[in-house]
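The values are calculated or read from the model by the stated rules, or taken from the named source; none is laboratory data. On a predicted model such as this, the values are computed, not experimentally measured, just so you know. Here the Cβ positions follow ideal geometry from the backbone for every residue, glycine too, while neighbour counts run over all protein chains shown. For the accessible areas, the whole protein counts, side chains as well, though only heavy atoms, and no ligand, DNA or RNA atoms are used. Shrake-Rupley method; radii C 1.70, N 1.55, O 1.52, S 1.80 Å.
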Amino acid sequence: MDLEPRLLRYFIAVAEERHFSRAAARLHISQPPLSYAIRQLEENIGARLLARTSRHVELTDAGQALYHEAVILLRQAEEVRMLVRQVDAGLRGRLRIGFVGSMLYRGLPALLNVMRKELPDVEHVLTELNSHDQIEAVRRGEQDLGFIHANPVPEGVQARDLMAEPFVVCLPDAHPLADRQTLRLTELARDDFVFFARAASPSYYETVLAMCVSAGFMPAIRHEVRHWLSVASLVSQGLGVSIVPACLSRSGLAGTRFIAFEHEARSISQVIWPDAARSPLQERAVALVAQAFAPLQPAPARA
C-alpha cells in the first residue's frame, strides 16, 4: 500500500475543503491532476474514500478513518524532519560533559547557563571525573566535552586552555599564620601537607612539589586525595596545610584560610574534546566555550 505523503496531502485538502476545485486552488495545482491523485490513492488502498456529488464531496467511513490517520502521519513526518534538521544543526541531542570539581569556581556554572539558553533542546549530562579519566573518556568517545586541569592529551583529543590563576596557601583557622595577608612558603617547612594525589594529576603533584623544593624544603606529605575540595576539607579539620588553586578561596568552606605567597606557577584549566568525527552539537558546544573564555596567554609554568 502506497501512502505517499504527496497523495496524503492532496487527500487532506479535498477532505477539508469538501470540494475539488477549492482543494486544487489551495494546493496551487489544476483539478485534473488532483482528481487523478485521489483515484490513485483509492486504488492503492483498495477502498472508496470519497462520495462525489455534483456540488460537493463527502467522506466515506473509510475516508474518515484515513483522514484522521493521514493528519497524524504527516504531523509525525514533519516532526521527524525537524528533529533531523535540528540534530544536523547541533541544536538537539545529548551532550556528555565531564568536569573537575574546581571548575565549579572557575566559570563552569555560568557557562552551563549559557549553553542551556542557547541549546534548550539539548540534554546536558554532567559527570565529575578527574582529569586523567576525562581524557580517556573523550579519547574513547564516551564523553563529548571535558573540563580538566591542564594535562598532556593523547592523539585524538584536542585541548584549549581556558584560564590561569595563581596558587594560594590553604591553612586551618587555628594555624599560627592564619591571620597573615601574605607569607613565604618556607614558613611552612615544618608543617604536614595535604597533596592532590599524584595518580589523579601528576602535573599538579609535581608543580606543587616543585614550589616547595624551590622554597628550600621537601614537604612532609601526610595525605593524598583526588579532589581539591577534599584537600581543603582535610585542611579545615586541622590535618595539614596545602597549596591549592586560588579559585578554592571562593568555595566558602568553613575552617580554612587562603593566603597569597610569591611564586610564578599558575594553575591552568582546559577544555578537551574529540579531534575527529565531531558531531554538529559538539562543534557548537566548543564554539560556546570559546566565546565564554577569552584567549589565554601562555603561562610561565603549567599545572
Task: Computed FRET value (nearest 0.05) for Arg116 with Ala254, which takes r as the C-beta separation and R₀ as 22 Å - done: 0.10
Task: Extension gain from Glu16 to Phe217, taking 0.36 nm per residue of separation minus the Cα-Cα distance - done: 63.6 nm
Open item on the list: Can you tell me the length gained on complete extension of the stretch Arg81 to Asn44, counting 0.36 nm per residue apart and subtracting the Cα distance?
Closed with: 10.8 nm
TODO: Please give the FRET efficiency for Glu187 paired with Leu229, using the beta carbon to beta carbon distance and R0 = 30 Å, rounded to the nearest 0.05.
DONE: 0.75
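Accessible area per residue for the chain in Å², computed with a 1.4 Å probe and the full protein assembly in place, what is it?
Spelled out: the 1.4 Å probe surface of the chain, per residue, equals 51 Å².
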Task: Nonlocal amide H pairs with Gln158, under 5 Å, H built at 1.01 Å - done: Trp273, Asp275
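What part of the accessible area of segment 133-284, given as a whole %, is carbon or sulfur when the probe is 1.4 angstrom?
For segment 133-284, the apolar C and S fraction of the accessible surface comes to 48 percent.
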- [ ] Please find, in a Gaussian network model of the chain (springs between Cα atoms separated by less than 10 Å), the residue of Leu281, Leu74, Leu111 whose mean-square fluctuation is greatest.
- [x] Leu74
Open item on the list: Using a 7 Å offset from the Cα along the Cα-to-Cβ direction at both Glu58 and Ala199, what is the distance between the two label points in nm, to one decimal?
Closed with: 8.2 nm
TODO: Would you indicate which of [x] 136; [y] 184; [z] 174 is the value of volume of the Cα convex hull per residue in Å³ derived from the coordinates of this structure?
DONE: [y]
